[in-house]
Amino acid sequence: MAFELPLTETATLLQQSLQRYLADHPKPDFAGLAELGLMAVGVPEEAGGVGGGAIERAAIMAELGPALAGSDWLAHHLGASLLARLAPDHGLLAALASGEARIALALDDSGEVPLVPGAAEADWLILAGPAQTLLVKADASGLSRRRRAMMDGSVAADLSIGSGLEADSVLAEDVDASAAAEWARDVRQTALCAEAAGLMGRMLADTAAYLQQRKQFGVAIASFQVLRHRLADMQMAALKAEALTERAVLAEGTPGWGHAVSAAAVETIDTVRTVGEGAVQLHGGMGVTEELSLGGQFKRGLAIAAALGSKSQHLIRHAELA
């Protein structure tokens, strides 16, 4: 399975470079992805980046998904992209584009903010809420972090923001801050759907290969009609989620973007669980072992479904914007 997106030259080069890199480094880390130049995506060329937007982001997330490396990259990318959007001349952007400095985005600006991806390792944080968008040093006075290891292998942090928070700068306020937070939220959800599409594609491919290899009664179990039908149902569901994700990617910045994002999120929340559970079951006892990458991919799929939020809220938003 692969997105049918009109890839730009930059997106094509990034995708090909990433595919070659992942072939040699199946478990990439932040430093390796930074050396590859991925941290420069979303940062303007004049600030030391390579530019890029929705299509580049989706292509990268779909490739990083099966390698379980999407969470850290997306956390940094969202923070750097939002900073570039609100302060395109900011001096921090060059360090973010090179990977010398790390940043993460917390979609709130007050009180307790739980489970912020990338925040445990970040040097800088952007606190984006409806009233203000703040750039804050991770060790700033008035801000505390509690490291949290997640079930999918990623690392997040709970943030506690006190009244004496010392912000480095105010990037936006009032209406502009609210718009920035909404933009970041929809970008994040679209990117998570793209990551889920990559995960599902790999789980389906590995399951199809396993059914050809596993034999029972002297024949490959792929010849059993009930298993073929089960795999076909999983593939059809994944194709639908992928198509809606493509629509959300291409709609970024248009009046119908929010509607498209919620449609993709609703479909992905259901489908990533359906495909993951089906892949584990079709692998039999092997599906729950640590030896297979499938177990980790399924856990990450469940984490994505949770991060996409309440399905009922997306359905309400979808109906309101229809």
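Here, each number is a calculation from the coordinates, and none is a lab measurement. Since we're looking at a predicted model, the values are computed, not measured. A quick note on method: Cβ atoms are made from the backbone with ideal geometry, for glycine too, and the neighbour counts reach across all protein chains shown.
Given the chain, report the % of alpha carbon pairs whose separation exceeds 38 Å. Tail of P(r) above 38 Å: 14 percent of Cα pairs. Rounded to the nearest whole Hz, the Karplus-based 3J(HN,Hα) values (6.51 cos²θ - 1.76 cosθ + 1.60, θ = phi - 60°) of the range 47-62 follow the sequence 9, x, x, 10, x, x, x, 4, 5, 4, 4, 5, 4, 5, 5, 5, with x at glycine and proline.
Summarising the strand pairing of the chain, around 80 percent of its internal DSSP beta bridges are antiparallel. Within the set 137/240; 215/311; 240/299, which residue pairs have Cα atoms separated by over 32 Å? Those over the limit are 137/240; 215/311. Ranked for footprinting exposure by Cβ neighbours inside 10 Å, fewest first, 283, 76 give 283, 76. Averaging the sequence gap over all C-alpha pairs within less than 8 Å and six or more residues apart, then dividing by the number of residues, gives the chain a relative contact order of 15 percent. Applying 1/(1 + (r/R0)^6) with r as the Cβ-Cβ distance of residue 46 and residue 322 and R0 = 35 angstrom yields a FRET efficiency of 0.35. Distance from the C-alpha centroid of the range 33-53 to that of the range 73-116: 13 Å, rounded to the whole angstrom.
Relative to the dominant Cα principal axis of the chain, helix 294-307 is inclined by about 50°.
Using just its DSSP H runs of length 4 or more, each adding -39500 (n - 2.57), the chain gives a mean residue ellipticity at 222 nm of -18000 deg cm²/dmol after division by all residues.
The fewest-to-most ranking of 183, 73 by surrounding Cβ atoms within 10 Å reads 183, 73. Here the range 1-101 is described by how far its Cα atoms reach on the three principal axes: 38, 28, 18 Å, from widest to narrowest.
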